[in-house]
Amino acid sequence: MNKNYNMQKNSLLVVLLLFLAGMQTNILGQKSSPDLKLWYDAPAANWNEALPIGNGRLGAMVYGIPAEENIQLNEETLWSGGPHRNDNLDAKAILDNIRQLLFDGKYKEAHDMANANIISKLSHGMPYETAGNLRLNFNGHEKYSDFYRELDIENAVARTRYTVDGVTYQREVFTSFTDQVIVIRLTANKKGKISFMAGMDRPSPSVVHVSSHGNNVLSMTGKSSDVKARGVKVPIEGRVKFESRVKIVPDGGTLSSTDSTLSLSEANSAILYVSIATNFVNYNDISADPHQRVSNYLAKAEQKSYQNMLADHSAYYHNYFNRVSLDLGVTDSINNPTDVRIKEFSQGNDPALAALYYQFGRYLLICSSQPGGQPANLQGIWAHELYPRWKSAYTVNINLEMNYWPAEPANLTEMHEPLIQLVKEIAQTGKKTAQDMYGADGWVCHHNTDLWRITGPVDGATWGMWPSGGLWLSQHLWEKYVYSGDKVFLKEIYPVMKGSAEFVLSFLTPEPENGWLIFAPSTSPENRPAHMPNNVNIAYATTMDNQLIFDMLSRTAEAANHLGIDADFVKKLEATIPKLAPNQIGQHAQIQEWIHDWDSPEDKHRHISHLYAMHPSNQFSPYRTPELAEATRNVLIYRGDPSTGWSMNWKINQWARLLDGNHAYQMMNEQIKLVGRPGTSGGGTYPNMLDAHPPFQIDGNFGFTSGLTEMMLQSQDGAIHLIPALPDIWGTGKVSGLRARGGFDIETLEWKDGKVLKAVITSKLGGNCRIRSYNELSLKGNGALDKVKGANKNPFYKVPNIKEPIISKKAKLKGFDVKDTYEYDIETQPGQTIVLIKK
C-alpha cells in the first residue's frame, strides 16, 4: 500500500484528528485552538512547505518527513565576511560634477559616473547563511498512514504525527526562548519503537564528528564564507566561526555512533537538544568563543525536564502573542488543510484564514526579532542557502521597514528593539560614510546594510544610488516614541534623529528650475521613467526623497520640542522646511514619482515609493488632502493589483489609508493565493504561509499584518479611527489588544453590521482622546460625548503641515469622497479606561 493511497484513504480521518487535537490540551494542559494552527495532511515537499520555528537567535524549518526528517537550521549572526567598511572615497570629488550632469539632463553620463565613483569598490554587502541541516533517518517509515503535521502558533510548537505498522509516532519541536536550544521530542504509543540515525551537514566546508565527551553528542564546526562581489578585487574573508551540537537523551534503547553519526535503537522515547553559537559579539567584535557558548547552552538545558522547558518556553511566548486576539468569523473552510485554504481563499469566504495570516505575522516577528538580538532580515531568520537571493540582507528602501510596521500597533513593541539598535549602530558607521563620501555632517545609509553595518552604496547605481535609507529608518525611532510617549527613550534616540537631520541639511542643494532644496544624486527606488535607458534611473528631487526629507526635518523638530531642547537647531529646521520641493500631481492625475511629469499609466513597477506620504507616513489624508488622496488612488489603479508579494501587502496598507476596505480585501485575495506548486506563478503565498516575492521574502507577511491592523484601527490622522476600512464581507468581528499613538490601548473593539458596537480604551499617558467613527457612539455610564472643536490638542496627534501640491493643468481630478464621520473628544487621566458603545 503506497503512501498516496494511504493519504487519500485517511483524508477524512485527518480532519477528525484536527478537531480532536484542537479540542484536546497538550501535556501541560495548555489550550490548543484549531484556528491558530497551520496544518497539513502531507509532509513538506520542499523548503517552501516546511514550517518555521524560532526564538530570535535560533531558527529552524521542520519538514515533517516520516522516514527522512530534515530540520534546517539557522543562527542569527551566521553571516559571510567579517567587520569591514565599504565607502567609496572617490565620491566627494565628483559630487558637484554629477549634480551638474543631472541638472543638464545627462542622466546616462551621471549614471556611469556614479557607478565608477560612488558605488562601493570594496564590498557589496554580505549574505546571511544557513547553519546547515539536522537529518534524522527512520528506517522502515517509508510506508505510513494517518499523517498529520501542524505549526501551533498559539504555543510556538511544531508537531508531526503518523502511523507505521500500527504504531503511532509523534515529533514535537520548539526553539526555546528561555533556554536557547532547539528541542525535539520523539515519542511512540508503544515501548521500544524509537529507532533512528542522526547526522548533520552544511553546503560549505565544515567538520562533523561525534564528540569525545561521549557517544551521545554530535558536533559540527566551521566558519562563514569568503565573499568576492562582482567588480571587487579582494574578497571579504569569512570570519564568523560557529559550532553546532546535537545531544540525544534517550529513554531506554541503545545508543551507538560512527565518526559522524549517532544511532538510537529500540528506545521508548528520546529528547534531542540542538545548540548553535558563533563568535559574534557585535558588528566590530568577533572575539567570542563559540565552543564555550554552545557548551554552556547545552549544559544549562540538560538540567531541566522537558516539561519545564516547554512550560517556560510557552509562558515567555504567551507574554507577547496573547496580547492580541482577533475574531473575524469562522466558516466551513476551517475544516480544510492550510494549503487548500490558501488555494481557495479568493474563491469563497474564509475570514478565519485572514485572521490566522494576521496572527502568523505576529508569530514570525516574535520568532525572528527578540530584544538584544539582530533585526529580522529579508527572510526573518530562516534561510537554507549560503547565498540567498538578495543576500537575505537588510534592504532599507522598503523591506526592512515593512518588517516592523506591525510592531507598535499590533502590540509587539519589544520586537522593535533590534531595529532601533541597528539604527543606532548605522548612525555610528554612517557618520564616517557621510563625511568621507559627501563631505556632509550627520550620518547616511544607502539602500542596503548587513550584520557589519555597512553604509556605503552597493549593487550598482540602479539600486544603490539612494542616500535616503537612514531617513526612512529614523522614522521608526519617532514611531516607537509616539506610541509610548516615553521621554527617556526619546532623549536616548534624539541624537540619532538629529544626526540624520544634520545630514539632510548638509546634503540639500538647490535645483535649477525653482530653487527648491533637494537631494542629488538619488533615485526613486529601483524604478525608472520609461524614456530612460535600461537600468538608468538616477535622478534628483525624487518625490519619495522630498517626502522623507520633510518627515526627517519636521519630526526631529517636534522631538526637540517634546524634550524642550535645541531651540536654535529647531529654528534652522523650521526655516528649511518651506524651501523643500512640494508634492506634484501630474498630467494623469497621479502623484508624480519624479520632479518632472514622466510617469506612465502603463508602469506596473512593484515599488510605489512616491506614495510613502500616504503610508507609512501621514502627510496625505483623505480628509485633510483629498486631492493628494485621489492622486494616490490613481497611482494604485495604474500600477494594478497583482505584483510581488511584499508590494501587494504595501498596497493593502495604502487602500486601508484610503479608507477603501473592499479594495484592501481585494488585495488580500491577490496575496492569499497559493504559489510554489506546479501550475502556479507570481507573488502570493507558499503552502507554509510564507510570503512569495517570489522567492520567499518575509516582509510580505509583516505587511499583511500591518495592513489588516490599518483596516481595523488607525491613529495617524489626528484621531483614533475605529474600523476605518473594513470590507463588507467582515461585517461582524472583534479584536483585542491593539495600540494607538499617544499611549492608548484598545483593550477591546467589537463591531456588528459594519458599525462599532463597543470599544474599551485605556489611556496610559492621559490627555485628549479623539475618537472618529462612522456611527454615533456614547460613553457608557455618562451618555453623551463632546463633539470636536478645532484641532486635536493632544501633542501626539499633531498633523503635518505640508505645502499645497502643484497640480498639472492637464490633470483631471474627479474628487475624493469619504464617509461621514462622528468625532468626539474625551479628556483622559493616566490609567483611565473608557468604554464607548453604539448609540
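Odds and ends about this structure:
- Loop-located trypsin sites (Lys or Arg not before Pro) in the range 753-788 (DSSP state other than H, G, I, E, B) with a sparse environment of at most 13 neighbouring Cβ atoms within 10 Å: K780.
- Cleavage-rule hits (trypsin sites (Lys or Arg not before Pro)) in the range 66-148: DSSP loop, at most 15 neighbouring Cβ within 10 angstrom: K106, K143
- When +1 charges are put on Lys and Arg Cβ atoms and -1 charges on Asp and Glu Cβ atoms, the dipole computed for the range 721-777 relative to its Cα centre reaches about 200 debye.
- Remark: spin-label model distance D289-S346 equals 5.7 nm, labels positioned 7 Å along the Cα→Cβ axis.
- Under 10 Å, Cβ to Cβ, from G125 - net charge with Lys/Arg +1 and Asp/Glu -1: -1
- Convex hull of alpha carbon positions in the range 569-626: directionally averaged projected area 5.4 nm².
- In Å², nearest 10: area of Y387 left accessible to a 1.4 Å probe: 130 Å²
- The range 439-488: proportion of alpha-carbon pairs further apart than 13 angstrom, %: 64 percent
- Ranked packing of 693-702, 586-595, most packed first, by mean Cβ within 10 Å: 693-702, 586-595
- The modelled label-to-label distance for the pair D96/D436, using points 7 Å beyond Cα in the direction of Cβ, is 2.3 nm.
- Value of Rg/Rh across the range 98-140 [Cα atoms, Kirkwood radius]: 1.59
- Cleavage-rule hits (trypsin sites (Lys or Arg not before Pro)) in the range 608-659: DSSP loop, at most 16 neighbouring Cβ within 10 angstrom: R624
- Cα long-axis angle, helix 306-321 against the chain (0 to 90 degrees, to the nearest 10): 20 degrees
- Computed over all pairs of different Cα atoms, the Kirkwood value for the hydrodynamic radius of the range 501-579 is 13.8 Å.
- Rg and Dmax of the range 247-294, Cα atoms only, in Å: 16.1, 49
- Judged by the ratio a/c of the largest to the smallest principal axis of the C-alpha gyration tensor, the range 54-205 counts as prolate, that ratio being 1.5 or greater while a/b is larger than b/c.
- Computed over protein heavy atoms with a 1.4 Å probe, the carbon and sulfur contribution to the accessible area of the chain reaches 48%.
- Local electrostatic count, Q590, Cβ distance below 14 Å [Lys/Arg +1, Asp/Glu -1]: -1
- Convex hull (Cα only) mean projected area of the range 150-216, reported in nm² to one decimal: 7.2 nm²
- Phi angles of the range 469-479 translate, via the Karplus equation with coefficients 6.51, -1.76, 1.60 and θ = phi - 60°, into HN-Hα couplings of x, x, 5, 5, 4, 5, 5, 5, 4, 5, 4 Hz per residue; Gly and Pro are given as x.
- Rounded to 10°, Cα long-axis angle of helix 699-712 versus longest principal axis of the chain: 60 degrees
- Crossing angle, helix 567-576 versus the chain [Cα axis fit, 0-90 degrees, rounded to tens]: 70 degrees
- Kirkwood analysis of the Cα pair distances in the chain returns a hydrodynamic radius of 27.9 Å.
- Mean Cα-pair separation over length for the chain, i.e. relative contact order, pairs under 8 Å, 6 or more apart, %: 11 percent
- Whole-Hz Karplus values for the range 123-135 come out as 7, 9, x, 9, x, 6, 10, 6, 8, x, 9, 9, 10 Hz, taken residue by residue from phi with 6.51 cos²θ - 1.76 cosθ + 1.60 and θ = phi - 60°; glycine and proline positions read x.
- Its Cα centre serving as origin, the chain has a Cβ charge dipole (Lys and Arg +1, Asp and Glu -1) of approximately 560 debye.
- For G199, the shell of other residues with beta-carbons less than 12 Å away shows a net charge of -2, using +1 for Lys and Arg and -1 for Asp and Glu.
- Projecting the Cα atoms of Q832, P375, Y273 onto the charge dipole of the chain (Cβ charges, centred on the Cα centre) puts Q832 farthest toward the positive pole.
- Dipole orientation for the chain: of the candidates F138, A629, L779, L779 has the Cα lying most toward the positive pole (charges on Cβ; Lys, Arg +1; Asp, Glu -1).
- The charge dipole of the range 102-214, taken about the Cα centre with unit charges on the Cβ atoms of Lys, Arg (+1) and Asp, Glu (-1), comes to about 480 debye, rounded to the nearest 20.
The values are calculated or read from the model by the stated rules, or taken from the named source; none is laboratory data. The structure presented is a predicted model; accordingly, all values stated were derived computationally and were not measured. Please note: Cβ atoms are built from the backbone with ideal geometry, for glycine as well, and neighbour counts cover all protein chains shown. What goes into the accessible areas is simple: the full protein's heavy atoms, side chains included, and nothing from ligands, DNA or RNA. Shrake-Rupley method; radii C 1.70, N 1.55, O 1.52, S 1.80 Å.
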